[in-house]
Amino acid sequence: MTKKGAPSLRDLPGSYTQTYLVKSTPIDSSNDDEHARREVLFRCGAHCYSGHLKIDFQHAFGLTLKDIPSVVPMLQSQLDDLSYLCRSSSISSSSTFHGPLHAIESARDFLVYELSSDRMASRIRKLMKKYSWIEDETRIYFELIGNASHMFQDILFIASKVNVNGLIFNTIYFEGVVYVTMQDGSGVQPLLDINFPDVSIEGEGATLALYTVKSPWMKLSVYQTNRQRKTCPVRPKTPQKPAPRKDLSSDCHVQSYCILKSRDGSDERGVMFRFGAWCYSGRVELTSKISLADVPYVIPALRLQQKKLSFVGDASSLSGSSPFALPLEYAAASSSYMEHEAAESEAILRNLITQVSNDGDKHWLEDDDSSSFFEYSCVNNPGLDDVEFIATKSYNPNGIISISIYYEGSFYLIIDEGNDNPLLDSKFPDISLRGEGHQIQCYPSGLEHWQQLRKMSVWRINTLETTDETIKRSISSAVESNPIETNTPENVGDDTTSLSKQGDTRADARDNFLEDGSQDSDDENDLKMMKCSINECIDIMDNAISSLLTEDYEMPESLRYKLVKMEDSVKSDESRGIQTEDQY
């Protein structure tokens, strides 16, 4: 995806391209006990060659990003085993090589044209004032992340380089991510250049751009490569035993929202809401595509349609056939691994703070925990292909709140100190407003129990006023303009009731929770908010929405339309005298 009308780098006069494209599907090699065969396409200039080449078992089945620079020479030594295919401009559109070859060239061209834009040049100049390492092109690499796996189906990796007017662009695709480095290409250059950089070396990083849902790309970042590598041995990937998918019980009080992708681009989608030990599911209208910046708005929009959700069961006995069982189970397990890795990174974070403190400055990591978040980049997450996003709050017995979000292959973790919290807390931070960041660690082979993990970073949430603050101000204004009349304790709940335990899992408690708001005396503190008049709550939300729609901030038009539509629906119900007090 390049600028409209702009030529590809490979089409520029004097350009010279070399590309190694290796497929994932193994070729029968039963007569060889040491190597596996893979189908390979090699492009050299204007000509393409293909065939089956040998790769040792360790790299064929346990390849990591670090290994690619050593695998390319292995392929180059076997080029005599390839057969001439065709000119590069004549690859048939029906060929399995056509799509991935076009995709890697488009990704590289997109990144190059982005970096050459005036907008990006201004962004990089600002970053150079904070990060001097960006000035050295030999010590940085660019990372382009997006929902691009469908463009590289059955591809193990691609390594490509193009020399254009004395400048060499090295491009690597691996596990859904495109990496690009630049180097001097002036003077005499080898006809077959097999030297590719190691872009797995971790370092400090910064976000250059975030893209809309209309683009196949989601984020462009730049990283430093001058830190010493930690030893991380290659471990063969072994099949994982299927974990139980029915017991989602937890020692924490959990509120989780799982939203599936829309069908055929429609606005209606399946959702599941977990409140403590109870799970509810149904179909609601949101928007056909949700971006990371939309998450803080989507949860309140879902809450306004909670009457469409039906009770499906207890979290400890959720049916394994449910489309939400595996995603929620995997997300819960990932959350515990995220917290563990965050705790293990304390020494690294303290070292970063010390380096800045020695210069007399205060590092943003010293701010409260809610002003930063961890990002865990993953590949091949099981059971999440049909999931748009998962947002979860876990209230730990020690008072700490863990906020985790899954979106587009990555998990995000925010640690917050819990004080008095509403029983139903639908506020989630906007982590799309990221600022400075540090790459903490790379995991070429993942963790023993989380093999999908590839990278851990920490980011600062932009200090500018976020839309979360706008929402809070709007709702506060609505509450002040429409206060709830004081009633007796028998029919009024306190919206700041502390969460002291997980909801009662008994059937009679669940039925009362949904039907008439009554509850056994043992659970009055946990559930007395649900005894509040729902009509009064609707009035508050009605005014809050009206206030939101008049605030001066950016809101996706699709969500704005949904909120207006919900507001009109509430008014229509009230005009017809429809009572909603018995609805959950």
Exercise for the section: Read through the list (1) at negative phi; (2) touching a residue at least 40 places away in the same chain (Cβ under 8 Å), then give the number of the only condition that residue 122 fails. Expected result: (2)
Problem - Residues of the range 265-296 that turn out to be open to solvent by 20 Å² or more (accessible area, probe 1.4 Å) and closer than 25 Å to residue 217 by Cα, as a count - result: 8
Exercise for the section: Report, ordered by the first and then the second residue, all pairs with beta carbons closer than 6 Å, sequence separation of six or more or different chains, a first member in the range 329-352 that is within 17 Å of residue 256 (Cβ to Cβ), and a second member that is open to solvent by 60 Å² or more (accessible area, probe 1.4 Å) and not in a helix (DSSP H, G or I). Expected result: 329/245
Exercise for the section: For residues that are open to solvent by less than 40 Å² (accessible area, probe 1.4 Å) and either of a type in the set (A, V, I, L, M, F, W, C) or modelled with pLDDT under 90 (or both), tally how many sit in the range 2-31. Expected result: 8
Problem - Count of the range 141-150 residues which are modelled with pLDDT of 85 or more and either open to solvent by less than 10 Å² (accessible area, probe 1.4 Å) or aromatic (Phe, Trp, Tyr) (or both) - result: 4
Practice task
Scan the range 151-169 and give yes if some residue there is open to solvent by 40 Å² or more (accessible area, probe 1.4 Å) and part of a strand (DSSP E or B), otherwise no.
Solution key: yes
Exercise for the section: Take residue 406 and decide whether it is open to solvent by less than 20 Å² (accessible area, probe 1.4 Å) and under 16 Å from the mean Cα position of the chain (by Cα). Expected result: yes
Practice task
Kindly indicate whether residue 394 is modelled with pLDDT of 75 or more and either closer than 16 Å to residue 256 by Cβ or open to solvent by less than 10 Å² (accessible area, probe 1.4 Å) (or both).
Solution key: yes
Fill in the blank from the handout: Inside the range 83-126, the number of residues satisfying the requirement of being aliphatic (A, V, I, L, M) and surrounded by fewer than 15 Cβ atoms within 10 Å (Cβ to Cβ) is 1
Practice task
Kindly provide the set of residues from the range 129-145 that are over 18 Å from residue 439 (Cβ atoms) and either touching a Lys or Arg at 6+ places or on another chain (Cβ under 6 Å) or without any contact (Cβ under 8 Å) to a residue 24 or more places away in the chain (or both), ordered by number.
Solution key: 129, 135
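Looking only at residues in the range 129-139 that are farther than 20 Å from residue 210 by Cβ, in a helix (DSSP H, G or I) and not aromatic (Phe, Trp, Tyr), which one is modelled with the highest pLDDT?
129
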Handout entry: Flag if residue 293 is more than 20 Å from the chain's Cα centre (by Cα), part of a helix (DSSP H, G or I) and under 30 Å from residue 446 (Cα atoms)
Key = no
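The values are calculated or read from the model by the stated rules, or taken from the named source; none is laboratory data. Keep in mind that what you see is a predicted model, and the values were worked out from it rather than measured. Counting neighbours? That spans all protein chains shown, and the Cβs are built from the backbone with ideal geometry, glycine included. Just the protein is used for accessible areas: all its heavy atoms, side chains included, with ligands, DNA and RNA removed. Shrake-Rupley method; radii C 1.70, N 1.55, O 1.52, S 1.80 Å.
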